[in-house]
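To start, the structure under review is shown below, and the notes come after it.
Read-outs: derived from the displayed coordinates by stated rules, not from any lab. Predicted, not measured: the structure shown is a model, and the values here were computed from it. Cβ: placed from backbone, ideal geometry, glycine included. Neighbour counts: every protein chain shown.
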Ligand SMILES: Cc1cc2nc3c(=O)[nH]c(=O)nc-3n(C[C@H](O)[C@H](O)[C@H](O)COP(=O)(O)OP(=O)(O)OC[C@H]3O[C@@H](n4cnc5c(N)ncnc54)[C@H](O)[C@@H]3O)c2cc1C
Ligand code: SF4
C-alpha cells in the first residue's frame, strides 16, 4: 500500500533538459513544485575524463534505471527484433542527459514548423512522402522565438548570430530564422583543421559557420569558461562550463524555496479520478511505494519513458492508457536520421586530440528547404557538421580505408600513423513520421519492476535515405575539397534503433484526433496533464532537438502559470 504524501501544486516527473527548465518559471510564479527524479545528484568528481566509463560502461553507478528498461526495436512488424543495446544512452541524474550531451544548441528553421504547407506551396502536394503522417506545427517559428531567446540567456549559449531581425551576418548561419538579438557569448574557438574545412566550403560558395553550444566561452553566471580538454562527449564537465540544468535552472529554482526535489523517485504510473482528471503520481524509492498528489502533472522522462508512463497508466476513464482514447500515444514516432555518416582520411594531422564535439563548423546550404528541391527525389535536407573530438579507444577503432588489414602489426602501424588524420562528419537529416512507425509496449521484455519496456517498430523510409545519399555526396565533395585522400560512406540507414533524438509518441497539434497534446503541451483528453520533451515534436528539422525541447518546456510552464486560476483540476 503506497504512502500518500502531502499534495502540491505541480509535480514534474524527470528533472533533465525539459523538466529541469520547466521548474524555474513555475516556482518563479509562486507555485509549489515537487520534482520527482529517478536519479541522484552528481558532483564534479563524477565527471572525470574517463573514456572507458563514460563511453563504454553504463554510468553513473548510483542509479541505472534507464539501463534496465532499454527499448526493444524492430524495423517493421514482419522483421525480427534487432539486437538490444547494453547501455541506454540517456542519463538518470538531476540534470538528466544535459550532463553528458554534446550541448549543440540549435534552433529549428522556420520551414520545420510549416513543412507541409510550405512544401505544397513550393513543389505541390504530391511531394509530401507517401505514408507520412506529418502535419504543420500548430504555431510557427515566430511564436517560439521569444522562448528560444529566453533559454539561450537562462542557460547560456555561445554562438554567432546569422540573422538578427532580418540583418544577415555571414559569420553566423545566414539560413536561420530571424532572432531578436545575438547569443550571450561568442562561439567556441576554431582549430587549424576546422579553418581548412571552412576555407574549402567557401571555395564552393557555401556558407560555413561555428555551431551554437550550451557551453561557456567566457565566465557566465559565475561559472568557468570551457578549457577544451575534451572527454565530455558522453561525460560531464568537471569545471561547470557545460550548461546542464544541474548547474543552471535547477539550482535557481531551488533557491526560491518552492522546489522540493526528490531524488531516487522512480515514477511508475499516473493517477486520474473518475472524471478523468489527474490526481497525482505513484513512485517507488528503494522498494517503498508513495503517492504524490498534485493539482497538475507534467511528465518529462524523455520520449520513451513519457510514452511508457502513459501506456502503463490504465484506468476506467482510459482503458488503453492515459490520454490514449484516440489511440495516438506512441504514434508519429521517429528518430533523427543521423546514420549514414561520412569519414575521411587526410595526409596531415588534424590535431583533434583535444577539443569537444560542439566545437565545429557547420554548413546549412543543404539543410531544410534552403535549396531548390524541384528536380530532387526528397524534401528536407541535412546539416553537415565537422568537429574536433578524439579519444584513445575511439581512435583505435578507426577505419583502415582498405589500405591495411584490420588486425596484426600492419593494422597497428596504420593506426599509429593515421589516428589523428581521420575525421567523421555528423550529418543530421530531416526525418518524418510515418503511419507504420510507432512505439508500443513490448509483449515480452520487462523492467525489474515487472512492467513492459517500450518496443520500437520503425525504419527510415525512401525520403530519409534519399536525403542521406544526397548529403553524403555533398560531404564527400567538401572533404575532398579540403584535401582528403580517401572517403568512406556509411550505409544509408535501415531500422531506427534506440535514439538520443527520439521524437513523437505524444505529438502536439490542434487536432485531438491525430495528436496527444494541444498547442500548449497539455493533453487533449486530460487538461491537467502536460507533456514535456521531444515526444511532443512533429518534425525534427536537421538540427539537434534540445534547445527546442527547452523552449517548449518554458512555454508550457509559463502558459500554466498564466492560466493557473482557470485550470481544470
Ligand atoms: C551522448 C549524447 C549527446 C547528445 N548531444 C546533444 C546535443 O549536442 N544537442 C542536443 O540538442 N541534444 C543532444 N542530445 C540529446 C539530448 O540529451 C536530449 O534531447 C535531451 O536530454 C532530452 O531531454 P529530456 O528532458 O526529454 O530527457 P533527459 O534530459 O534525459 O531527462 C529525463 C529525466 O527524467 C528522469 N526520468 C526518466 N524516467 C523517470 C521516471 N519514471 N521517474 C522519474 N524520473 C524519470 C531521468 O532520470 C532524467 O533525469 C544528446 C544525447 C546524448 C545521449
Ligand atoms: S571541454 Fe569544455 S565543456 Fe568539456 S569538460 Fe572541458 S571545460 Fe568542460
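Test of understanding: extend the Cα→C-beta vector of residue 314 to 7 Å, then name every residue of the stretch 260-295 with backbone N under 11 Å from that spot.
No residues fall inside that zone.
Can you give the three extents of the C-alpha atoms in the stretch 256-378 along their principal axes, from longest to shortest, in whole Å?
Cα extents, longest axis first: 66, 42, 30 Å.
Taking a spot 7 Å from the Cα of residue 415 along the direction of its beta carbon, which residues of the stretch 359-395 have an amide N less than 12 Å from it?
392-395
Output the peptides 415-426, 165-176 sorted from most to least packed, where packing is the average of other Cβ atoms within 10 Å over each peptide's residues. Mind showing how you got there, number by number?
Numbers: 415-426: 18.4, 165-176: 15.9.
Result, highest mean Cβ count within 10 Å first: 415-426, 165-176.
Taking 0.36 nm per residue of sequence separation and subtracting the Cα-Cα distance, how much length would be gained by fully extending the chain between residue 79 and residue 164, in nm to one decimal? Don't skip to the end; give the middle numbers.
Values: separation 85, 0.36 × 85 = 30.60 nm, distance 4.85 nm.
Contour length minus the Cα-Cα distance gives 25.7 nm.
Relative to the first principal axis of the alpha-carbon coordinates of the chain, what is the inclination of helix 303-312, with its axis defined by its Cα atoms, in degrees from 0 to 90 and to the nearest 10?
30
Give the calculated FRET efficiency between residue 130 and residue 490 to the nearest 0.05, with a Förster radius of 35 Å applied to their Cβ-Cβ distance.
Working: r = 26 Å, r/R0 = 0.73.
E(calc), rounded to 0.05, equals 0.85.
So how far apart, in nm, are the two label points at residue 87 and residue 262 if each is 7 Å from Cα heading toward Cβ?
Taking the two extended label points, one gets 3.1 nm.
In nm, to one decimal, how far is the modelled label at residue 3 from the one at residue 326, with both set 7 Å along Cα→Cβ?
That separation, rounded to one decimal, is 4.0 nm.
Figure the gain on full extension for residue 171 and residue 203 (residue separation times 0.36 nm, minus the Cα-Cα span) and round it to one decimal in nm. Intermediate results must be reported in sequence, preceding the final value.
Values: separation 32, 0.36 × 32 = 11.52 nm, distance 1.54 nm.
Difference between extended and current length: 10.0 nm.
By how many degrees, between 0 and 90 and to the nearest 10, does the Cα long axis of helix 141-151 differ from the longest principal axis of the chain?
For 141-151 against the chain, the angle is about 90 degrees.
Extension gain residue 142-residue 376, at 0.36 nm per residue separation less the Cα-Cα distance, in nm?
On the way: separation 234, 0.36 × 234 = 84.24 nm, distance 2.88 nm.
The span from residue 142 to residue 376 would gain 81.4 nm if fully extended.
Could you tell me what fraction of 2.2 N^0.38 Å the Cα radius of gyration of the stretch 86-189 comes to, as a two-decimal ratio?
Values: Rg = 17.0 Å, N = 104, 2.2 N^0.38 = 12.8 Å.
Its radius of gyration relative to the 2.2 N^0.38 Å reference: 1.33.
Quick one: if the Förster radius is 51 Å, what FRET efficiency do residue 29 and residue 403 give, using the C-beta to C-beta distance and rounding to 0.05? Please report the intermediate quantities before stating the final value.
Details: r = 62 Å, r/R0 = 1.21.
Efficiency, from the Cβ-Cβ distance: 0.25.
7 Å from Cα along Cα→Cβ at both residue 57 and residue 153: what's the point-to-point distance in nm?
The two pseudo-label positions are separated by 4.4 nm.
What are the semi-axes of the equivalent ellipsoid for the stretch 80-132, taken as the square roots of 5 times the Cα gyration tensor eigenvalues, largest first, in whole Å? Kindly include the intermediate steps, with their values, before the conclusion.
Details: eigenvalues 248, 86, 10 Å².
Rounded to whole Å, the semi-axes are 35, 21, 7.
Can you grab the distance from the C-alpha centre of the stretch 281-338 to the C-alpha centre of the stretch 462-509, Å, no decimals?
31
Using the Kirkwood radius over C-alpha pairs as Rh, can you work out the diffusion coefficient of the chain via Stokes-Einstein at 20 °C, viscosity 1.002 mPa s, in µm² per second?
Working: Rh = 24.0 Å.
The Stokes-Einstein estimate is 89 µm²/s.
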